[in-house]
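To start, the structure itself, in structure tokens.
The values are calculated or read from the model by the stated rules, or taken from the named source; none is laboratory data. Quantities reported herein were computed from a predicted structural model and do not represent experimental measurements. Cβ placement follows ideal geometry from the backbone for every residue including glycine, while neighbour counts extend to all protein chains displayed. The accessibility values were calculated without ligands, DNA or RNA, using every heavy atom of the protein model including side chains. Shrake-Rupley method; radii C 1.70, N 1.55, O 1.52, S 1.80 Å.
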Amino acid sequence: ICVFKIPGREIPIVHRIIDRHDSPETGKQQLLTKGDNNIPNDRGLYQELYINKDKMWIEPKEIVGRVQGFLPYLGMFTIYMTDYPLLKYALLSGVGLVVFLYE
């Protein structure tokens, strides 16, 4: 499971690597990912978000990390925070208030 960043997207993506391709022409390693709850692989995602619409793989330089643990449904929290910005500001205000009151 890896964390990769696509240019043009603010939030990194955490998906499972399902295939590896070593290019004989360039000698570079290329990776194909897929989200656990997605039916197709991520090639459509790569083509949708990249300027190069023929992109079929991600490269190791686009990977920013790898998963070390497992916290179920934590990703849903970040999705809600992105979809509902007021939730994010309310939560940050609450945390700030708690820190201010208990310091």
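Quick notes on this one:
- Under the simplified labelling scheme, the E25-M81 pair shows an inter-label distance of 4.1 nm, with each label point 7 Å from Cα along Cα→Cβ.
- Degrees separating the helix 85-102 axis from the principal Cα axis of the chain, which is the longest one: 50
- Fraction of accessible area attributable to carbon and sulfur, the chain (%, probe 1.4 Å): 60
- ³J(HN,Hα) computed for each position of the stretch 40-48 - Karplus, 6.51 cos²θ - 1.76 cosθ + 1.60, integer Hz, glycine/proline x: x, 6, 8, 4, x, 5, 4, 5, 5
- Pairwise label distance in nanometres, Y102 with Y73, each label 7 Å out on the Cα-Cβ vector: 2.3
- Amide hydrogen neighbours beyond the local backbone of I6, cut-off 5 Å, H modeled: I13
- In degrees, nearest ten, helix 74-83 long axis to first principal axis of the chain (Cα): 80
- Accessible area of the stretch 1-63 divided out per residue, in Å², using a probe of 1.4 angstrom: 67
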